[in-house]
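Below is one structure, written out as structure tokens; comments come after it.
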Amino acid sequence: MTNYRWTVCALVFFATTINYLDRQVISLLKPILEKEFDWSESDYSNIVAAFQLAYAFGMLGVGSIIDKIGSKLGYAISLVLWSIASIMHAFANSTFGFGVARAFLGVTEAGNFPAAIKVVAEWFPKKERAFATGIFNSGTNIGAVIAPLIVPWLALTYSWQMAFIATGAVGFLWLIFWFLLYRAPSKHKLVNAAELEHIQSDTDFEKADGSNPEEDIPWSKLLTYKQTWAFAVGKFLSDGVWWFFLFWLPAFLISEYKLVGMEISFPVAVVYLMAGVGSVAGGWLPMWFMNTKGWNMVRSRKTSMLIYAVFPILVMFSQAAGSYNMWYAVFIIGVAMAAHQAWSANILTTVSDMFPKKSIGAVIGIGGMVGGFGSITVAKTAGALLDYYKAQNDVQTGYYILFLFCGTAYLIAWFLMFRVLAPKMTPIHAK
């Protein structure tokens, strides 16, 4: 059996890396841009919210579009458009202009995860999907590691405009490899009969169960299933945590520890490297439960996600630990973000666990939209809280309140998903 499916996973990993490289540039340039354009925390949160609102609505539409036109073309179009959007930031000359550029970036970047999860579902059997998702999802962290290493350097050496242009241009290089290397498994010359049989090993079971994995479920009907809302509620509560750290972690470290210039690069890179390890390990653990313990998919998935939901509690103690040494806070935040990425690898995979392949993009889109609204809520709350406590000369209290939410969100999400809405993760079939 060949292993070409892991080459496909690598392609999706690099696309996700580029996706997060492009979206994190603005958070690293925040100290420069807020001086140049006289931004308040609320101005910045409005720009973040413009991205998130566009991302949310983009997720709703783009998932269904990718289901219809296919993952290959859908992925390519999304990446071209978000690369253009990233470059557009260099030509913004006002706060409003950045809001427009961020909105365009949001709606186009929304294509990454519906396309990526669809590719994984097409190329991997269920027992491998969380691991494959964990691998490609770790690209979010590699992008976030690369960004603090090169974006401040580009801005200081050339200009902040060049930071947006250079990072945005990387996507066009990926596009060449995507068209050269990607085909559907059944049409790919490098996939032999044994690997194709392995990839399609779930299909025979689905057909025997009376379902048709090649049929999609109407979007309106998807909204009637508790399984759809289990995924959406989990995204609503957990996505905002990730976005908060993505857009405010550099600002938190700068304000708390008075870092300047390139000093921010290494601690941010360490946090995201830890998160990358969490993503891969998080995808591996349920597969280990199934292969070693003999557990079924549902027990493996739910147990793994409960474990990941506990670790973010530690982030509530990061400021206290950081009062002794900054690196204690960095390590604790890194653990919390690793837990988020482990959670993310599995919550995304619950969609392919419960829905037929032709409906995956639509369900990811619905959940992504709801998660986007959760992220907007967190962003707007963060901006208002931090502005208020800055005026009181006590910004640390604002961050602590936000950390309280970040620490408890996952346990609440797990309870609602697996005790209230979808305790058995019963598969939905298109008849």
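The values are calculated or read from the model by the stated rules, or taken from the named source; none is laboratory data. Just so you know, these numbers come straight off a predicted model, no measurement behind them. Backbone-built Cβ (ideal geometry, glycine too); neighbour counts: all protein chains shown. All accessible areas refer to the heavy atoms of the entire protein, side chains included, with ligands and DNA or RNA removed. Shrake-Rupley method; radii C 1.70, N 1.55, O 1.52, S 1.80 Å.
Annotation for the stretch 402-410: at least one member residue is farther than 25 Å from Met59 by Cα, at pLDDT 90 or above and open to solvent by 40 Å² or more (accessible area, probe 1.4 Å). Going through (1) of a type in the set (Ser, Thr, Tyr); (2) more than 30 Å from Glu34 (Cα to Cα); (3) over 17 Å from the mean Cα position of the chain (by Cα) one by one, Tyr75 falls short only on (3). The sole residue among Ser300, Ser344 that is touching a residue at least 12 places away in the same chain (Cβ under 8 Å) and open to solvent by less than 10 Å² (accessible area, probe 1.4 Å) is Ser300.
How many residues, within the stretch 156-190, are under 18 Å from Met262 (Cβ atoms) and buried (at least 17 other Cβ atoms within 10 Å of the Cβ)? Lay out the reasoning, then the answer.
Of all residues in the stretch 156-190, those under 18 Å from Met262 (Cβ atoms) come to 156-160, 162-163, 166-167.
Filter again for buried (at least 17 other Cβ atoms within 10 Å of the Cβ), leaving 160, 163, 166-167.
Result for the stretch 156-190: 4.
Taking the stated definitions as given, is Val80 assigned to a helix (DSSP H, G or I), touching a Cys at 6+ places or on another chain (Cβ under 9 Å) and hydrophobic (A, V, I, L, M, F, W, C)? When the stated conditions are applied, Val80 does not pass them. As for the stretch 21-28, it holds no residue that is modelled with pLDDT under 90, touching a helix residue (DSSP H, G or I) at 6+ places or on another chain (Cβ under 8 Å), within 30 Å of Ala382 (Cα to Cα) and surrounded by fewer than 20 Cβ atoms within 10 Å (Cβ to Cβ).
With respect to (1) open to solvent by 10 Å² or more (accessible area, probe 1.4 Å); (2) touching an Asp or Glu at 6+ places or on another chain (Cβ under 9 Å); (3) part of a loop (DSSP other than H, G, I, E, B), the lone exception for Met425 is condition (1).
For the stretch 233-243, the count of residues that are at pLDDT below 85 and on the phi < 0 side of the Ramachandran plot is at least one.
I want to confirm something. Restricting to the stretch 46-73 and keeping residues that are modelled with pLDDT of 85 or more and of a type in the set (Gly, Ala, Ser), which single residue is farthest from Ala362 (Cα to Cα)? This residue is Ala50.
If I ask for residues that are outside any helix (DSSP H, G or I) and of a type in the set (A, V, I, L, M, F, W, C), which ones from the stretch 248-294 would you list? Break it down stepwise before answering.
Step one: list which residues in the stretch 248-294 are outside any helix (DSSP H, G or I), which gives 258-260, 294.
Matches in the stretch 248-294: Leu259, Val260.
Pairs meeting the criteria (first residue in the stretch 162-189 and free of Cβ contacts under 8 Å to residues at least 40 places away in the same chain, second residue in a loop (DSSP other than H, G, I, E, B) and not aromatic (Phe, Trp, Tyr), beta carbons under 9 Å, at least 6 apart or on different chains) are Ser186/Gln200; Lys189/Arg183. Would you point out the residue of the stretch 106-148, among those that are within 18 Å of Ser201 (Cα to Cα), of a type in the set (Phe, Trp, Tyr) and in a helix (DSSP H, G or I), that is least open to solvent (accessible area, probe 1.4 Å)? Here the answer is Trp123.
Looking only at the stretch 1-20, filter to residues that are part of a helix (DSSP H, G or I) and either of a type in the set (S, T, N, Q) or more than 23 Å from Ser344 (Cβ to Cβ) (or both); which one of those is most open to solvent (accessible area, probe 1.4 Å)? Quick ask: steps written out before the conclusion?
Narrowing the stretch 1-20 to residues part of a helix (DSSP H, G or I): 4-20.
Then keep just the ones that are either of a type in the set (S, T, N, Q) or more than 23 Å from Ser344 (Cβ to Cβ) (or both); that gives 4, 7, 16-17, 19.
Working: Tyr4: 24, Thr7: 55, Thr16: 0, Thr17: 13, Asn19: 0 Å².
Only one residue fits best here, namely Thr7.
Taking the conditions (1) closer than 30 Å to Tyr389 by Cβ; (2) over 17 Å from the mean Cα position of the chain (by Cα); (3) surrounded by fewer than 24 Cβ atoms within 10 Å (Cβ to Cβ) in turn, Tyr44 satisfies each one other than (3).
Test Ile307 against the criterion of being open to solvent by less than 20 Å² (accessible area, probe 1.4 Å) and either under 25 Å from Phe236 (Cβ atoms) or assigned to a helix (DSSP H, G or I) (or both), and give yes or no. It is false that Ile307 is open to solvent by less than 20 Å² (accessible area, probe 1.4 Å) and either under 25 Å from Phe236 (Cβ atoms) or assigned to a helix (DSSP H, G or I) (or both).
Restricting Ala384, Ala362 to residues that are over 27 Å from Leu273 (Cα atoms), at pLDDT below 90, open to solvent by 10 Å² or more (accessible area, probe 1.4 Å) and aliphatic (A, V, I, L, M) narrows the list to Ala384.
Ala76: open to solvent by less than 10 Å² (accessible area, probe 1.4 Å), modelled with pLDDT of 90 or more, among the aliphatic types (A, V, I, L, M) and closer than 30 Å to Leu196 by Cα, yes or no?
Numbers: open to solvent by less than 10 Å² (accessible area, probe 1.4 Å): yes; modelled with pLDDT of 90 or more: yes; among the aliphatic types (A, V, I, L, M): yes; closer than 30 Å to Leu196 by Cα: yes.
Yes: the conditions hold for Ala76.
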